[in-house]
Amino acid sequence: MAKRQDKRAEVIDLLAVHFLDTGLSDTGLRRLAEVAGTSDRMLLYYFENKEELVAAVLTHIASGLSASLTDMFGNRPLPPSTLLETLWAAAKSEAFKPHLRLWLDLAANANRGDPLLISIAQQISAGWIDWMANLLDVPAAEKNATAALLLATVDGQLVLFPGEIARGEAAIQQLISLFKHWSQAVSVC
């Protein structure tokens, strides 16, 4: 059984690289088997079906990204302005581009009504919102909504300015400024 689990993990790692390189457009079972260096029958030995395989790969990628972000941010509470500023810097970095392209591809396909991808996108979004909410230095009642706002803001800039993410800089800076102003107003009260 351990050998099967090891091979399953190896397939997930190989396909994670493929998904980050090509997105979700090249996910036929035969193509995935080719990339993994096996047959489509063997893929179905390691995974119940293609849906389980795709979900496992996307979940693996999201977990890796979350771990990278946790390393970057640590676990100390941050004001929304600082969290947004750091998230934005990560979004503009070369290291995160493949992840962002895949995330937008996943979101676009989910919005076309693919039930599997809807479920995966919802799980990943919920995970990121929870992760950000736990980092935010805001009242508990505001954590989830503020985290969702930050995620929507960064995602929105990615959608509005594909290939030219820096064009979203003014909107991000405006929200950072509003968060700082809000924080100062709250501390005065």
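Could you please give the count of residues in the stretch 18-43 that are without any contact (Cβ under 8 Å) to a residue 12 or more places away in the chain and more than 20 Å from ALA110 (Cβ to Cβ)? The qualifying residues number 8. LEU53 - would you say it is within 25 Å of ASN134 (Cα to Cα) and either surrounded by 17 or more Cβ atoms within 10 Å (Cβ to Cβ) or of a type in the set (Lys, Arg) (or both)? Against the criterion (within 25 Å of ASN134 (Cα to Cα) and either surrounded by 17 or more Cβ atoms within 10 Å (Cβ to Cβ) or of a type in the set (Lys, Arg) (or both)), LEU53 does not qualify. For SER93, the criteria (1) among the polar types (S, T, N, Q); (2) without any contact (Cβ under 8 Å) to a residue 40 or more places away in the chain; (3) crowded, with 16+ Cβ neighbours inside 10 Å hold in every case but one, which is (3). When the stretch 135-156 is filtered for residues that are of a type in the set (Gly, Ala, Ser) and either surrounded by 15 or more Cβ atoms within 10 Å (Cβ to Cβ) or closer than 21 Å to LEU24 by Cα (or both), the ones remaining, listed by number, are ALA147, ALA148, GLY156. The residue pairs whose first member lies in the stretch 152-168 and is closer than 23 Å to ILE129 by Cβ, whose second member is exposed (fewer than 13 other Cβ atoms within 10 Å of the Cβ), and whose beta carbons are closer than 7 Å, counting only pairs six or more residues apart or on different chains, are PHE161/ARG167; GLY168/LEU160. Any residue at all in the stretch 29-37 that is surrounded by fewer than 17 Cβ atoms within 10 Å (Cβ to Cβ), under 13 Å from ARG8 (Cα atoms) and of a type outside the set (A, V, I, L, M, F, W, C)? The answer is yes, given that some residue of the stretch 29-37 is surrounded by fewer than 17 Cβ atoms within 10 Å (Cβ to Cβ), under 13 Å from ARG8 (Cα atoms) and of a type outside the set (A, V, I, L, M, F, W, C). Of all the numbered requirements in (1) under 23 Å from ALA171 (Cβ atoms); (2) under 15 Å from the mean Cα position of the chain (by Cα), LYS143 misses one, and that requirement is (2). Taking the criterion of being in contact (Cβ under 8 Å) with a residue 40 or more places away in the chain and within 20 Å of GLY64 (Cβ to Cβ), the residues of the stretch 120-150 that qualify are ILE120, GLN123, ILE124, GLY127, TRP128, TRP131, MET132, ASN134, LEU135. Go through the residues of the stretch 60-81 one by one and say whether even a single one is over 13 Å from the mean Cα position of the chain (by Cα), at pLDDT 90 or above and assigned to a helix (DSSP H, G or I). Yes, some residue in the stretch 60-81 is over 13 Å from the mean Cα position of the chain (by Cα), at pLDDT 90 or above and assigned to a helix (DSSP H, G or I).
Inside the stretch 108-134, residues that are surrounded by 15 or more Cβ atoms within 10 Å (Cβ to Cβ) and among the hydroxyl-bearing types (Ser, Thr, Tyr) make up a count of 1. In this structure, LEU78 qualifies as surrounded by 14 or more Cβ atoms within 10 Å (Cβ to Cβ) and more than 18 Å from ALA9 (Cβ to Cβ).
Would you call LEU24 of a type in the set (A, V, I, L, M), under 22 Å from ALA95 (Cα atoms) and at pLDDT 95 or above? So that I can check it myself, show each step before the final result.
Numbers: of a type in the set (A, V, I, L, M): yes; under 22 Å from ALA95 (Cα atoms): yes; at pLDDT 95 or above: no.
Here the answer is no, as LEU24 does not meet what is asked.
The values are calculated or read from the model by the stated rules, or taken from the named source; none is laboratory data. Quick caveat, the model's predicted, so the values are computed rather than measured. Neighbour counts are summed over all protein chains in view; Cβ atoms, including those assigned to glycine, are modelled from backbone coordinates with ideal geometry.
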